[in-house]
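The values are calculated or read from the model by the stated rules, or taken from the named source; none is laboratory data. Because the structure is a prediction, the values reported are computed rather than measured. Glycine also receives a Cβ, built like all others from the backbone with ideal geometry; neighbour counts cover every protein chain displayed. The protein model used for the area step is the full one, side chains on, heavy atoms only, and it has no ligands, DNA or RNA in it. Shrake-Rupley method; radii C 1.70, N 1.55, O 1.52, S 1.80 Å.
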Amino acid sequence: MATMRSVVLKAPIAGLPQPQDFSFADSEIPALGEHQFLIEHRIVSVDPGVRSRLSATGASYAPPIPPGGRIDGFVVGQVTESRNERFPVGTWVTAGGGWASHSIGDGRGYIMPLPDNGLPRSLWLGILGIPGMTSWFGLKRVSAMREGAHVLVTSAAGVVGATAGQLAKAWGAASVVGIAGGQDKCDWLTRECGFDAAIDYKGTDDLAGAIAAAMPKGVDLLFDNVGNAMIDTVLPLMRLNGHIVVSGQVADYSVPHDQRVGITNTAEFIAKRLTMRGLVVFDDIPQFAAAQAEMGGMIRDGKLVYREELFDGLDQLPQAFCGLFTGANFGRRLVRLGDA
């Protein structure tokens with residue numbers, strides 16, 4: 001019988017993940033049951049939010065992945081065998097198939113056929129996928145984004161941050177400032193993504209002062225992908241009735257829960273009537289198609305830009321993932337397993 005190859009977790013991880021924390025497992029592809037179909041993966045994503053599930057404790061809305069468990073990730077693939085009339089052989093899909101060569105679906109959960117919109121299929125794992133939807137609904141639903149807002153985006157050179165900043169500009173923000181690590185990333189944000197300014201956090205010893213200088217009127221909306229220390233730094237700079245979107249915590253994922261920095265500037269919530277909300281974008285799946293169609297048009301019109309970093313081969317998944325936590329990535333990291 002044919003086999004599928006998967007990347008699995010060796011043991012719960014403490015600290016920064018390393019490639020040796022993962023191993024490879026082969027298994028037979030079982031016969032399909034009623035309504036099932038086989039997906040051959042062509043592109044697989046690596047996602048920083050998975051880090052919280054690789055420790056014994058600290059996972060958020062999804063449980064920890066046990067030793068020997070397949071690592072989660074989103075995929076673009078093609079149906080190669082099917083007993084489901086909604087997903088016939090040849091259908092291109094995006095799904096949560098994980099770090100593997102194949103997966104079996106039944107049409108439930110996060111899986112959707114890909115429309116032929118003339119754009120690269122890889123975008124369904126980035127700006128048109130879960131990251132881009134996080135940006136869209138983080139602004140639209142969670143932040144109640146309004147015209148004239150002064151917006152600060154952290155981890156701004158990542159796909160979520162870069163997309164959020166561009167959407168904020170398109171929707172009438174008075175100013176958008178990004179925080180990123182490295183001058184090359186900051187230059188890309190201002191030259192290509194339309195950010196009004198970008199701050200290299202690696203190049204300053206006074207991040208709060210740098211933010212205040214770039215945003216003299218203060219911050220109406222903080223779209224944060226970094227974590228508690230960043231939020232605490234920005235709180236004194238927030239404006240009256242400001243909003244904070246907690247989108248990700250890339251700086252905190254590898255820190256044990258009881259050792260993470262706390263948020264101390266809580267008096268700002270009272271004085272400035274602030275609102276802070278987190279989001280799980282899977283709550284918005286029924287509205288994805290309309291958002292993706294509009295964003296696709298913006299990409300074709302040159303109003304949204306993106307970057308991708310492509311690796312080749314299933315064995316590159318651990319390395320590609322671990323680099324997310326050292327600042328090595330610049331753009332959406334994806335691993336190609338075949339032509340797409």
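Could you grab the pairs with beta carbons closer than 6 Å, sequence gap of 6+ or different chains, first residue in the range 170-189 and open to solvent by less than 30 Å² (accessible area, probe 1.4 Å), second one of a type in the set (Lys, Arg) and assigned to a helix (DSSP H, G or I)? What qualifies is Val176/Lys169; Gly181/Lys202. Consider the range 144-156 and keep the residues that are in contact with an Asp or Glu (Cβ under 9 Å, 6 or more places away or on another chain) and open to solvent by less than 10 Å² (accessible area, probe 1.4 Å). The one that is farthest from Pro216 (Cα to Cα) is Thr154. What about Ala212, is it out of contact with any Asp or Glu (no Cβ under 6 Å at 6 or more places or on another chain), open to solvent by 10 Å² or more (accessible area, probe 1.4 Å) and either assigned to a strand (DSSP E or B) or of a type in the set (Ser, Thr, Tyr) (or both)? When the stated conditions are applied, Ala212 does not pass them. Going by the structure shown, is Tyr306 modelled with pLDDT of 95 or more, assigned to a loop (DSSP other than H, G, I, E, B), surrounded by 14 or more Cβ atoms within 10 Å (Cβ to Cβ) and of a type in the set (Phe, Trp, Tyr)? Taking the combined requirement at face value, the residue satisfies it.
Annotation: Gly248 fulfils all but one of (1) under 29 Å from Lys169 (Cα atoms); (2) without any contact (Cβ under 8 Å) to a residue 40 or more places away in the chain; (3) of a type outside the set (Phe, Trp, Tyr); the unmet one is (2). Scanning the range 7-45 for residues that are within 26 Å of Gly126 (Cα to Cα), part of a strand (DSSP E or B) and not hydrophobic (A, V, I, L, M, F, W, C), we see that the one that is most open to solvent (accessible area, probe 1.4 Å) is Glu40.
Limited to the range 108-137, what total is found for residues that are of a type outside the set (A, V, I, L, M), assigned to a loop (DSSP other than H, G, I, E, B) and open to solvent by 20 Å² or more (accessible area, probe 1.4 Å)?
8
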